[in-house]
Amino acid sequence: MAVLGVGALRYAGNRGWIDSAWRQLPAVALALTAFAAAQALGGSGFIASFVGGLVAGGMARHRVVKHELLCAAEGAGDVLALSTWVLFGAVVIAQVPQRLTWAVIVYAVLSLTVIRMLPVWLALTGTGLKTDGKLFIGWFGPRGLASVVFAVIVLAADLPGRQALTTTVAATIILSILAHGLTANALTAAFARRATAADPGQAGKAPSAGLEMAPERSVARRQGPNAVSADQAGDR
């Protein structure tokens, strides 16, 4: 479906049948169509939309075309994400205090620390990032609506223990909002100061610029006539 949609869009664009303003709509339409078709056939609409997005992004290789394709989709995604959080807070959060247990609280804490940060640390092994950079990424990311989506799938499937699962998810999300919200400004400022102290040339740049390569790798990449700059090396 994504192949047909992007192919038709490219065909129409090459012949001047569609301008840049109308190219912003197909991405949203493709996502909704893929979701609806997969659900009607007994599959997962979330997986279908995700795979369709990968295919569409791969076919729209030109940066300008991809930007036009995703311009409206980004705004629509933000609106839907905010709506999801509002509905989640209104429907689920109010039920959490009644089912909250110490086991749920302990797991929520572990989920935001060891269970979350250790895989990120292992995944970044060999990248040359320093310890503070790995901890920073592990604490603040990855984040998203995946937990809410999976909780909705569990509730819809009417599985055994669904109340315990959704309570755990809700408690983890609440703790994440509090912990990451309260520490975001302080830790980002501290990380920026450390990055600036280690490399004064980074002053005034985004805090993410402090996720520099380890010294030995950074120096090696700057050597030679075809040397790669630190910013280019980090742009992956």
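The values are calculated or read from the model by the stated rules, or taken from the named source; none is laboratory data. Keep in mind that what you see is a predicted model, and the values were worked out from it rather than measured. The protein model used for the area step is the full one, side chains on, heavy atoms only, and it has no ligands, DNA or RNA in it. Shrake-Rupley method; radii C 1.70, N 1.55, O 1.52, S 1.80 Å.
With a cut-off of 8 Å between alpha carbons and a minimum separation of six or more residues, what is the relative contact order of region 84-185 in percent? Once divided by the residue count of region 84-185, the mean separation gives 41 percent. Sorted largest first by accessible area at a 1.4 angstrom probe radius, with every protein chain in place, the residues Arg99, Arg194, Arg15 fall in the order Arg194, Arg15, Arg99.
Taking every Cα-Cα distance in region 82-200 and sorting them into 10 Å bins from zero, the calculated P(r) comes out as 12, 37, 31, 15, 5, 0 percent. The figure for Leu165 is an accessible area of roughly 90 square angstrom, using a 1.4 Å probe on the protein chains alone.
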